Each structure stands twice: as C-alpha cells, then as structure tokens.
Amino acid sequence: SDGFFLNGILFRVSDVARDFVQKLLMHQNPDEIALQNGQSAFLETMLTSLGREADAKGQHGYRNTCYGSLYVGYKGKYDEFYAKQLAQYAECFFSELERLAGPYGYRDSKHIGFLKTYLWRNNKALTFADVSNEGTLLPLPNCFHGLRVMPHWQDNCFAYFLNDPASAHLSQGAQPSCPDTSFKFANFYSGNDHLWFKNWSQQQHYKQNPPRVLIYTWCTENSFEIFANEAFWKACYAHAHGYDVVFSDHLNVSGVKKPAASAEGTFIDTWYSDDFMWAWNRDVQRYLFSGNYDYVFFVGADVLFHKLYLDFPLWAYDTGHDITIMDQDYV
C-alpha cells in the first residue's frame, strides 16, 4: 500500500483544527525521517484525535499502536527497507482507522469528516456511473492515481493530484478559458454560490454570510514554475468565487532531517525533503489564527482544478466537521 494520500484538506477555522495542526509539529524529529516526509505524522495525529473521541465515549482509544513504524532511521533513503516500513505503517494505520472510525465508506467522527469516494447500498459500492445522475456524490478533491483507474473518473474529480509521472499530461490543455481572464472582478459565481449557500447553511445551521475562504499552497519558486498551469487555475477558481489564494514559500522549519539525496540530486529529491514537506504545517497557522477566514483549503502545488467544477464552492465539502478529508481504502 502507498498509504493514505493527503491533499485537498479542508480546515474549518476552529480551536480543534488549530490544535490539530499544532500537534503535527510534535512529530518533527531531527535524527530520523518520518514516513512520506511528515505525511504519516498527519495520519498519526488523526489516529490520536479519533482515539480521544473514543476515550470520551468510554471506548478503547488509540494507544500509539502504529508509532513504532513512524520513522525510518537516520538515512531516510527510498529503498527496500523504506518500502517495507511504509507498508507496515499503512497496514497498522488502516486497521486502527477502521477500529476507531469505522470501515471504508462508513467512517464516522465528531471532528473529522471523511468524504465518500463511493456511495454504498446493501454493502455494495456503486460506481461513478451508477450515481452520475443522482447528484449525491460530491466531486472528489483528491483524485490521485489510485482513483484515476475507475470508470468515469474524469466526470467526478474536482482536483487532480498529479502524483505520478504518467499523469503529467493532465496538466496540458485540460481547462477551458477562465471565466474572467482579466481577473478584474470577483464573485463570477456569486449567483450559483448563493443558491448552494442557501441550502447548505440550512443543513449546517450556518448563520453567517457565505464563508471566507483561503486556498493555501506551499511551493518553492521552482515548483511554482513547473506547475504554473495548476497555479493559474487555482487563482482563476479563487477569483471567480471571491476567495483568497496564497502561494507561499515561507520556510520556517527546524528540528527535521533531510533524507539522503540521490547522486543525481533531482527535483524530486529536493522537493520531497523533510524541510519542504513540513513547511506548510507551521506556515498555514498564520492563516488559521489570523481571524480573516472561516475555511482554509490546503492543496499541493501539483494539483489541477478540473474544468467541470469551477462553479463548485469549497465550503460545501463541510458536513459538520473541523477537518474534512477524502476517504480512502487500504489496497
């Protein structure tokens, strides 16, 4: 298993969400590399949060069952040992996740929302085609390579996570013209957003005006140039809805160790270094604590917003949770 791919994470700005992000930093280690460069720290923090919920209900919470597999030693090379330990952690994580939150497709939590990638009926997963006319499955915010093998996946993805070389072609010519290429006015979709908000706010008992949203991406200058097309469509989408968008390269990281680079010293080696992968955790707190936003949507530089869902408002992903991520299965 590759584990649990994290991208397209919606933070409702709350004490719970802020506390969650702060606790991620507790897993920084100057002597060892966290699996998937800190991504496993997010998963470990998620298990801890779910464990606290279980404890509060008088159930068996999380007892750091997977923590022993969290780090891969001082070298951090992507070798056979790394792959074995990643598989070991993934197996443990998904086992604990199911115990604490329920099985894939039925996960439940007070603070963490798991967006469905399938609808389930009579314990059978319906395909995208089965639900295409029902309008009950929200567009998926994290279409990584594992989802892009399903029938009709193109019609159900809000964002492509371009996390494998074979997906590079998706970034070329995949979008229509921006609704306002001059970027001179905002809220192009204000009428559509108002209709969404009217229905959504009644369901969520949301009494304020339409939420203030920030789309946040951490990226180096180099990655910004490589993924310029993806950056353009994030900016286009944000502008059309009246959201703010930030592309930050603010690097204020200490207490982490870089993995050993290959002899070639490729972009991938540098990009997936621990200091880069941890950078967003500390930097995004500036916006979670600013008081300027109701939601912060964290999304990677290599993520392309899909043309079919430029009118979809991000806050509609929230179904009553402090943190919303896309559910995934252990495969």
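The values are calculated or read from the model by the stated rules, or taken from the named source; none is laboratory data. This is a predicted model, so every value here is computed, not measured. When we count neighbours, we look across all protein chains shown, and the Cβ atoms used for this are built from the backbone with ideal geometry, even at glycine. All accessible areas refer to the heavy atoms of the entire protein, side chains included, with ligands and DNA or RNA removed. Shrake-Rupley method; radii C 1.70, N 1.55, O 1.52, S 1.80 Å.
Annotations for the structure displayed:
- In nm, spacing of pseudo-spin labels at Asn292 and Arg63 (7 Å Cα→C-beta vector): 4.6 nm
- With a Förster radius of 30 Å applied to the C-beta separation of Val16 and Phe81, the computed FRET efficiency comes to 0.25.
- Long pairs among Lys23/Lys110; Lys110/Lys307; Lys23/Lys57, criterion Cα-Cα beyond 24 Å: Lys110/Lys307
- Modelled spin-label separation between Lys307 and Ala56, with each label point placed 7 Å from Cα along the Cα-to-Cβ direction: 4.5 nm.
- Label-to-label distance, nm, for residues given as Asp329 and Asp244 (7 Å Cα→Cβ offset): 4.0 nm
- List Ser223, Ser190, ordered by accessible area with a 1.4 Å probe, largest first: Ser190, Ser223
- Phe247 accessible area, 1.4 Å probe, all protein chains in place, Å² to nearest 10: 70 Å²
- FRET efficiency for the Asn229 to Asn209 pair, using the beta carbon distance and R₀ = 30 Å, is estimated at 0.40.
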